[in-house]
1. Work out the charge dipole of the chain with +1 on the Cβ of Lys and Arg and -1 on the Cβ of Asp and Glu about the Cα centre, then indicate which of 68, 53, 205 is farthest towards its positive end.
2. Please list, or write none, the lysines whose alpha carbon is within less than 23 Å of the alpha carbon of residue 7, excluding same-chain residues fewer than 8 places away.
3. Output the relative contact order of the chain, whole-number percent, from Cα pairs under 8 angstrom with separation of 6+ residues.
4. Which percent of Cα pairs goes in each bin when the distances of region 24-83 are cut into 10 angstrom slices starting at zero?
5. Please work out how much length the chain gains when fully extended from residue 146 to residue 57, using 0.36 nm per residue of separation minus the C-alpha to C-alpha distance, in nm with one decimal.
6. Loop sites only, by DSSP: take the GluC sites (Glu not before Pro) in the chain that have at most 13 other C-beta atoms within 10 Å and name the longest stretch containing none of them.
7. Which chymotrypsin sites (Phe, Trp or Tyr not before Pro) in region 178-210 sit in a loop by DSSP (not H, G, I, E or B) and have at most 14 other Cβ atoms within 10 Å of their own Cβ?
8. Would you please name the chymotrypsin sites (Phe, Trp or Tyr not before Pro) within region 63-115 that are DSSP coil residues with at most 15 other C-beta atoms within 10 Å of their C-beta?
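Taken together, the values in this text are just the output of simple stated rules run on the coordinates, not laboratory data. The structure displayed is predicted, hence computed values, not measured ones. Please note: Cβ atoms are built from the backbone with ideal geometry, for glycine as well, and neighbour counts cover all protein chains shown.
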Amino acid sequence: MEQKIYKIFIMGPQGSGKGTQAELLSEKLDIPAFSMGQLLRDEISTGSPLGEQIASIINPGNLVPNTIAAAVLKIRLEKPDLKRGYILDGFPRDRSQYEAFTFDKPTHVIVIDVPKEESLRRLGGRLVCNICWKTTNKETGVKIGDHCPCGGKYIERDDDKPEAILRRLEIYERETKEIIEIYEKEGIVFFVAGLGTSSEVHDRIIKIFH
Ligand code: AP5
Ligand code: MG
């Protein structure tokens, strides 16, 4: 039997759990998940001049220029591990990106929604591993500097400062919501309530694929 190829975009405000749910869905559907933000942070980790340029844009909470985002994404989508489908979190974020995305098409757009207060609360407590970038939260008892199972250490993200979080949320309201409306007209959008535990949200998402 031919296996269906899923190309799933996860959208939603900052801290809605896009990255968290992308990972859980990746395990469930056995296809890779990756985020635009992480692709850009990977470039920063190389210490290249492009990485330095990206850091100076991302850290205060702004979007990198469309040319950089689309170029980085195109390179990732050409890798052979995505032949059986993929889950992408964080693209497109504005109309210019939607229009520039001519090299593939999503089969599903999942929109996770949470109120602004919840975004701020979650991002204020987020910690990420400095090696594997696994995400956790101080609410689970993990502290800055604790070891991740991979051997890395938990740190705060440079853009999880209150002003940067507010700027990112503002961009979502102003630019990204419009793109969701466009995908809605294409009939491929599934809205999911993001409050509740990660596993409760995951259960809501997998119902879409039954
Ligand atoms: P990106 O890394 O994508 O950040 P973001 O969009 O701001 O979203 P977040 O990663 O902050 O939130 P999330 O929804 O993934 O939440 P998470 O699962 O971590 O992008 C960063 C930057 O890169 C952008 O600001 C921009 O500069 C640049 N960029 C990215 N894409 C771009 C593009 N297309 N074009 C241009 N520039 C781009 O969860 C958050 C926290 O909550 C965690 O601590 C988690 O443990 C916890 N949590 C998750 N689910 C739950 C739950 N159900 N209950 C309680 N806690 C939970
Ligand atoms: Mg994320």
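1. 205
2. Within the straight-line cut-off, residue 7 pairs with 18, 28, 74, 79, 83, 105, 134, 177, 185, 207.
3. The value is 30 percent.
4. P(r) for region 24-83, in whole percents per bin: 20, 48, 25, 7.
5. Additional length available on full extension: 29.2 nm.
6. 79-185
7. Within region 178-210, the qualifying chymotrypsin sites (Phe, Trp or Tyr not before Pro) (loop, at most 14 other Cβ atoms within 10 Å) are 209.
8. Of the chymotrypsin sites (Phe, Trp or Tyr not before Pro), the ones in loops of region 63-115 whose Cβ has at most 15 other Cβ atoms within 10 Å are 103.
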